[in-house]
1. Any chance you could get the radius of gyration and Dmax over the Cα atoms of chain B, in Å?
2. Specify the angular offset, from 0 to 90 degrees and rounded to the nearest 10, of the alpha carbon long axis of helix B:141-150 from the longest principal axis of the alpha carbons in chain B.
3. How about the range B:81-188: which GluC sites (Glu not before Pro) there lie in a loop by DSSP and see at most 10 other Cβ atoms within 10 Å?
4. How big is the range A:79-188 along each principal axis, measuring the range of its Cα positions in Å and listing the largest first?
5. What average number of partner chain Cβ atoms lie no more than 10 Å from the Cβ of the residues making up B:69-79?
6. Hey, what angle do you get for helix B:79-90 against the long axis of chain B, alpha-carbon based, 0 to 90 degrees rounded to 10?
7. Mind checking which lysines have their C-alpha under 26 Å from A:Lys108, skipping anything on the same chain fewer than 8 residues away?
8. How big is the antiparallel share of DSSP beta bridges in the protein assembly as shown, given as a percent to the nearest 5?
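What follows is calculated from the coordinates using simple rules that are stated; it is not laboratory data. Note that the structure is predicted; figures quoted are calculated from it, not measured. Neighbour counts run over all protein chains shown; Cβ positions are idealised from the backbone, glycine included.
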Number of protein chains: 2
Amino acid sequence: MKIYQAGPDVFLPDAAVVGNRKKDICARFGLAGLFPLDNEIAQGDGVSLHIFRANTAMMDEADAIIANLTPFRGPSADPGTVYELGYMAGRGKYCVGYSNVIGTYLEKVASRHSVRPDELARRYVDDQGQAVEDFSLADNLMIVHALDEFGHPLVLPQQPPSDPCRDLAGFEHCVRLIAERQASLSGA
Amino acid sequence: MKIYQAGPDVFLPDAAVVGNRKKDICARFGLAGLFPLDNEIAQGDGVSLHIFRANTAMMDEADAIIANLTPFRGPSADPGTVYELGYMAGRGKYCVGYSNVIGTYLEKVASRHSVRPDELARRYVDDQGQAVEDFSLADNLMIVHALDEFGHPLVLPQQPPSDPCRDLAGFEHCVRLIAERQASLSGA
């Protein structure tokens, strides 16, 4: 079974180290991890389109996605990863994901922007007057419920990990979920 | 032809007004606009899942998506919209989008975070040491190239509009593109 590994891990200075640790975890559970090409970032004409096509081909080949949905440069997950989660959901693939940051989307927005209750509209708004989702979900509802509906609910840590960019306990939890599901489907 | 209208417009205080203007533009070109339910945000158990399922059903019904990819609470597009773009791409639907903010992803990150060149790695990094994509694209490469590969390249304004949250020139451009494509396909 092939698992597409989506996440902003590819932007880390030690992306290759983290990627190899992920590969090892997949192998330990008898699964093949497919890794996006973004970690081979180079400049030049056509490079980005080449990466897009290679990642899309890998997603088409994969049976499932494990998305690292830890907030990236803002209150939400990395948008490249979110696109890939949507693409895999649309293709009918099994969707699993984790975040290494605890808290609701409202709390994450409030930690970065001024957020106030709009009593009349009975909702929270940001400094631009735009509504802030308040569903006690970890991120935008489309992202969180895509996992609920097309795979397994978002995996979150019990305690905040000391290094949220590199902690792989949530990732390993996701790999185990997929391996157990595969074993149960094979046994059926 | 049915067009799913994705965008953070639903979070505006005057979301209904903007939504009606979008509906009118679609109707003028003989197209049906399907609008997500997020603008009927209410609290309570099950509301968010209800919205997710309704939006997913609307996307499944639609033939194309017009995604408002104007940056939202950060350097990138609204993540709910990005998820929907990915979902529609995965379902093989025609993907069109616009942004009302000019500039590259690197410039947008640099306007919000400290960004410096990492000479050794030959790339730009943010204040966390994480690489910043530098492909002269408007957003993450997966988002921008999804439009290139599965629809029409991102529509951008010639001049920055005075109200980027509400300006619909880019939206109208997208509607026209879809109407012209439909006319050309019907005539073929």
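1. 17.4, 55
2. Roughly 40 degrees between the two axes.
3. Sites meeting the loop and neighbour criteria: B:Glu119.
4. Principal axes ranked by extent give 55, 33, 23 Å for the Cα atoms.
5. 6
6. 70 degrees
7. B:Lys108
8. Approximately 30 percent, going by the DSSP bridge assignments.
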